[in-house]
Amino acid sequence: MAFTFFFRDMHTLKLIEDHVIPHLKGRKYLDTWDAGCAHGPEAYSLAIMLRENMGEFLFRNVRIHATDINPEFGNVIGRGVYPDKEVKRIPSDLLQKYFMTADEPGHFAVAEALRKAVSFQHHDLTSLQAIRDGFGLIVCKNVLLHFKEQARLDVIRMFRDALAPGGFLVMEQTQTMPDQVARLFERVTNDGQVFQRRD
(Lines give C-alpha, C1' and ligand atoms only; values in the text may rest on other atoms or scores of the structure.)
Protein backbone atom coordinates (compact mmCIF):
# COMPACT_ATOMS: atom_id res chain seq x y z
CA MET A 1 0.00 0.00 0.00
CA ALA A 2 1.24 3.52 -0.77
CA PHE A 3 3.18 5.28 1.97
CA THR A 4 1.02 8.16 3.10
CA PHE A 5 -1.06 9.41 6.00
CA PHE A 6 -3.46 12.20 6.86
CA PHE A 7 -2.06 15.75 6.88
CA ARG A 8 1.26 14.47 5.62
CA ASP A 9 2.16 17.72 3.84
CA MET A 10 0.90 20.50 6.08
CA HIS A 11 2.91 23.15 4.26
CA THR A 12 1.14 22.52 0.96
CA LEU A 13 -2.26 22.27 2.66
CA LYS A 14 -1.59 25.65 4.27
CA LEU A 15 -0.70 27.14 0.87
CA ILE A 16 -4.01 25.85 -0.52
CA GLU A 17 -5.80 27.37 2.46
CA ASP A 18 -4.10 30.76 2.06
CA HIS A 19 -3.80 31.16 -1.72
CA VAL A 20 -6.36 28.89 -3.39
CA ILE A 21 -9.50 28.57 -1.29
CA PRO A 22 -10.14 32.36 -1.06
CA HIS A 23 -10.38 32.44 -4.88
CA LEU A 24 -12.63 29.39 -5.10
CA LYS A 25 -15.12 30.11 -2.31
CA GLY A 26 -17.27 32.22 -4.58
CA ARG A 27 -17.93 29.41 -7.06
CA LYS A 28 -21.32 27.76 -6.89
CA TYR A 29 -19.78 24.35 -7.56
CA LEU A 30 -16.20 23.29 -6.93
CA ASP A 31 -14.75 20.21 -8.58
CA THR A 32 -11.33 19.12 -7.37
CA TRP A 33 -9.13 16.39 -8.83
CA ASP A 34 -6.71 14.57 -6.54
CA ALA A 35 -4.61 12.76 -9.14
CA GLY A 36 -2.58 9.88 -7.76
CA CYS A 37 -4.57 9.74 -4.54
CA ALA A 38 -3.20 6.40 -3.26
CA HIS A 39 -5.62 5.00 -0.66
CA GLY A 40 -7.20 8.32 0.24
CA PRO A 41 -5.60 10.19 3.18
CA GLU A 42 -4.65 13.13 0.94
CA ALA A 43 -8.11 13.39 -0.60
CA TYR A 44 -9.76 13.35 2.81
CA SER A 45 -7.22 15.80 4.26
CA LEU A 46 -8.09 18.14 1.39
CA ALA A 47 -11.79 17.64 2.11
CA ILE A 48 -11.25 18.64 5.75
CA MET A 49 -9.36 21.80 4.74
CA LEU A 50 -12.04 22.79 2.25
CA ARG A 51 -14.92 22.21 4.67
CA GLU A 52 -13.18 24.07 7.49
CA ASN A 53 -12.54 27.10 5.29
CA MET A 54 -15.68 27.11 3.16
CA GLY A 55 -18.24 26.16 5.79
CA GLU A 56 -20.81 23.40 5.84
CA PHE A 57 -23.23 25.07 3.41
CA LEU A 58 -20.74 25.78 0.59
CA PHE A 59 -19.01 22.44 1.11
CA ARG A 60 -22.18 20.66 0.00
CA ASN A 61 -21.31 21.68 -3.55
CA VAL A 62 -17.70 20.40 -3.36
CA ARG A 63 -16.79 17.24 -5.25
CA ILE A 64 -13.34 15.70 -4.84
CA HIS A 65 -12.54 13.27 -7.64
CA ALA A 66 -9.80 10.98 -6.31
CA THR A 67 -8.02 8.88 -8.93
CA ASP A 68 -5.22 6.36 -8.94
CA ILE A 69 -3.80 3.71 -11.22
CA ASN A 70 -4.44 1.08 -8.54
CA PRO A 71 -8.16 0.21 -8.65
CA GLU A 72 -8.01 -1.52 -5.26
CA PHE A 73 -7.70 1.83 -3.50
CA GLY A 74 -11.32 2.57 -4.35
CA ASN A 75 -12.51 0.05 -1.77
CA VAL A 76 -10.47 1.70 0.98
CA ILE A 77 -11.61 5.21 0.08
CA GLY A 78 -15.23 4.13 -0.16
CA ARG A 79 -15.17 2.60 3.32
CA GLY A 80 -13.21 5.50 4.79
CA VAL A 81 -11.70 3.39 7.58
CA TYR A 82 -8.04 3.91 8.48
CA PRO A 83 -5.62 2.65 11.17
CA ASP A 84 -4.74 4.99 14.01
CA LYS A 85 -1.12 5.32 12.81
CA GLU A 86 -2.39 7.16 9.70
CA VAL A 87 -4.57 9.66 11.57
CA LYS A 88 -2.18 10.52 14.42
CA ARG A 89 -0.97 13.76 12.79
CA ILE A 90 -4.47 15.17 12.46
CA PRO A 91 -5.01 18.04 14.94
CA SER A 92 -7.05 16.71 17.85
CA ASP A 93 -10.00 19.05 17.30
CA LEU A 94 -10.31 17.96 13.65
CA LEU A 95 -9.92 14.31 14.57
CA GLN A 96 -12.83 14.57 16.99
CA LYS A 97 -14.91 16.51 14.47
CA TYR A 98 -14.42 14.35 11.38
CA PHE A 99 -13.65 10.84 12.66
CA MET A 100 -15.24 8.27 14.88
CA THR A 101 -13.96 5.04 16.35
CA ALA A 102 -14.51 2.24 13.86
CA ASP A 103 -15.79 -1.24 14.66
CA GLU A 104 -12.35 -2.55 13.70
CA PRO A 105 -10.00 -2.17 16.73
CA GLY A 106 -7.34 0.51 16.32
CA HIS A 107 -9.11 2.12 13.38
CA PHE A 108 -11.03 5.34 12.75
CA ALA A 109 -13.89 5.98 10.31
CA VAL A 110 -14.20 9.15 8.26
CA ALA A 111 -17.37 11.19 8.85
CA GLU A 112 -20.14 10.75 6.32
CA ALA A 113 -20.02 14.42 5.29
CA LEU A 114 -16.50 13.89 3.97
CA ARG A 115 -17.17 10.49 2.41
CA LYS A 116 -20.06 11.98 0.44
CA ALA A 117 -17.72 14.58 -1.06
CA VAL A 118 -14.96 12.15 -2.14
CA SER A 119 -15.37 9.63 -4.94
CA PHE A 120 -12.78 7.29 -6.44
CA GLN A 121 -12.12 6.50 -10.07
CA HIS A 122 -9.46 4.24 -11.56
CA HIS A 123 -7.31 6.34 -13.89
CA ASP A 124 -3.93 6.18 -15.63
CA LEU A 125 -2.38 9.63 -16.02
CA THR A 126 -0.26 8.46 -18.94
CA SER A 127 -3.45 8.01 -20.98
CA LEU A 128 -3.43 11.83 -21.19
CA GLN A 129 -7.22 11.77 -20.98
CA ALA A 130 -8.58 13.93 -18.17
CA ILE A 131 -11.49 12.45 -16.23
CA ARG A 132 -13.45 15.63 -17.00
CA ASP A 133 -12.82 19.36 -17.33
CA GLY A 134 -13.79 22.49 -15.43
CA PHE A 135 -11.77 21.76 -12.30
CA GLY A 136 -11.20 24.60 -9.87
CA LEU A 137 -8.27 22.75 -8.29
CA ILE A 138 -6.05 19.86 -9.34
CA VAL A 139 -3.65 18.35 -6.81
CA CYS A 140 -0.95 15.97 -8.03
CA LYS A 141 1.82 15.16 -5.57
CA ASN A 142 4.46 12.45 -5.39
CA VAL A 143 3.55 11.20 -8.85
CA LEU A 144 5.13 13.32 -11.58
CA LEU A 145 8.65 12.83 -10.22
CA HIS A 146 8.38 9.20 -11.31
CA PHE A 147 7.64 10.14 -14.94
CA LYS A 148 10.12 10.75 -17.73
CA GLU A 149 10.41 14.34 -18.91
CA GLN A 150 8.12 14.16 -21.94
CA ALA A 151 5.41 12.30 -20.07
CA ARG A 152 5.62 14.87 -17.28
CA LEU A 153 5.17 17.71 -19.76
CA ASP A 154 2.24 16.00 -21.44
CA VAL A 155 0.46 15.37 -18.14
CA ILE A 156 0.92 18.99 -17.02
CA ARG A 157 -0.58 20.18 -20.33
CA MET A 158 -3.49 17.82 -19.76
CA PHE A 159 -3.99 19.27 -16.28
CA ARG A 160 -3.98 22.80 -17.69
CA ASP A 161 -6.67 21.93 -20.21
CA ALA A 162 -8.75 20.23 -17.50
CA LEU A 163 -8.75 23.34 -15.30
CA ALA A 164 -11.51 25.90 -15.43
CA PRO A 165 -10.38 29.46 -16.25
CA GLY A 166 -8.50 30.72 -13.22
CA GLY A 167 -8.20 27.20 -11.79
CA PHE A 168 -5.22 26.06 -9.74
CA LEU A 169 -2.65 23.28 -10.06
CA VAL A 170 -0.75 22.16 -6.94
CA MET A 171 2.24 19.82 -7.20
CA GLU A 172 4.73 18.26 -4.80
CA GLN A 173 7.44 20.46 -3.34
CA THR A 174 10.19 18.61 -5.20
CA GLN A 175 8.49 18.98 -8.61
CA THR A 176 9.21 22.38 -10.11
CA MET A 177 7.28 23.62 -13.12
CA PRO A 178 9.25 22.77 -16.29
CA ASP A 179 10.25 25.74 -18.42
CA GLN A 180 8.51 24.24 -21.47
CA VAL A 181 5.07 24.63 -19.88
CA ALA A 182 5.66 27.49 -17.44
CA ARG A 183 3.94 29.98 -19.77
CA LEU A 184 0.65 28.12 -19.26
CA PHE A 185 0.54 29.10 -15.58
CA GLU A 186 1.09 31.95 -13.18
CA ARG A 187 3.10 31.01 -10.11
CA VAL A 188 1.09 31.95 -7.03
CA THR A 189 3.70 31.79 -4.27
CA ASN A 190 7.46 31.50 -4.05
CA ASP A 191 7.46 28.97 -1.20
CA GLY A 192 5.53 26.19 -2.88
CA GLN A 193 4.39 24.64 -6.14
CA VAL A 194 1.05 26.39 -6.52
CA PHE A 195 0.09 27.65 -9.98
CA GLN A 196 -2.93 29.34 -11.53
CA ARG A 197 -4.02 28.64 -15.10
CA ARG A 198 -3.22 31.39 -17.56
CA ASP A 199 -5.63 32.11 -20.41
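The values are calculated or read from the model by the stated rules, or taken from the named source; none is laboratory data. Keep in mind it's a predicted model, so treat the numbers as computed, not measured. No Cβ is skipped: glycine too gets one built from the backbone with ideal geometry, and neighbour counts run over all protein chains shown. Calculation scope for accessible area: heavy atoms of the full protein, side chains included, ligands and nucleic acids excluded. Shrake-Rupley method; radii C 1.70, N 1.55, O 1.52, S 1.80 Å.
Structure data summary
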read-out	value
Qualifying residue in the stretch 165-177 (condition: of a type in the set (Ser, Thr, Tyr) and open to solvent by less than 40 Å² (accessible area, probe 1.4 Å))	no
Conditions (1) open to solvent by less than 20 Å² (accessible area, probe 1.4 Å); (2) without any contact (Cβ under 8 Å) to a residue 60 or more places away in the chain: number failed by residue 136	(2)
Leading residue by the ranking (nearest to residue 24 (Cα to Cα)) among those in the stretch 145-155 that are among the hydrophobic types (A, V, I, L, M, F, W, C) and part of a helix (DSSP H, G or I)	155
Members of the stretch 39-67 that are closer than 15 Å to residue 123 by Cα and either touching a helix residue (DSSP H, G or I) at 6+ places or on another chain (Cβ under 6 Å) or free of Cβ contacts under 8 Å to residues at least 60 places away in the same chain (or both)	39, 40, 64, 66
Some residue of the stretch 180-190 being free of Cβ contacts under 8 Å to residues at least 24 places away in the same chain, aromatic (Phe, Trp, Tyr) and either over 22 Å from residue 65 (Cα atoms) or surrounded by fewer than 22 Cβ atoms within 10 Å (Cβ to Cβ) (or both)	no
Selection count where residues are of a type in the set (S, T, N, Q) and either more than 14 Å from the chain's Cα centre (by Cα) or in a loop (DSSP other than H, G, I, E, B) (or both), scope the stretch 1-51	1
Residue satisfying all of: in the stretch 55-67; in contact with a strand residue (DSSP E or B) (Cβ under 7 Å, 6 or more places away or on another chain), of a type outside the set (Gly, Ala, Ser) and open to solvent by less than 20 Å² (accessible area, probe 1.4 Å); farthest from residue 162 (Cα to Cα) among these	62
Subset tally (residues that are closer than 25 Å to residue 54 by Cβ and assigned to a loop (DSSP other than H, G, I, E, B)) for the stretch 107-128	1
Breaking point among (1) over 27 Å from residue 25 (Cβ atoms); (2) under 18 Å from the mean Cα position of the chain (by Cα), for residue 108	(2)
Residue satisfying all of: in the stretch 77-95; part of a helix (DSSP H, G or I) and touching a residue at least 40 places away in the same chain (Cβ under 8 Å); surrounded by the fewest Cβ atoms within 10 Å (Cβ to Cβ) among these	85
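Residue-wise test of (1) crowded, with 19+ Cβ neighbours inside 10 Å; (2) in contact (Cβ under 8 Å) with a residue 60 or more places away in the chain; (3) in contact with a strand residue (DSSP E or B) (Cβ under 7 Å, 6 or more places away or on another chain); (4) within 22 Å of residue 12 (Cβ to Cβ).
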{"residue": "71", "(1), (2), (3), (4)": "no, no, yes, no"}
{"residue": "101", "(1), (2), (3), (4)": "no, no, yes, no"}
{"residue": "106", "(1), (2), (3), (4)": "no, no, yes, no"}
{"residue": "114", "(1), (2), (3), (4)": "yes, yes, no, yes"}
{"residue": "123", "(1), (2), (3), (4)": "yes, yes, yes, yes"}
{"residue": "128", "(1), (2), (3), (4)": "no, no, no, no"}
{"residue": "146", "(1), (2), (3), (4)": "no, no, no, yes"}
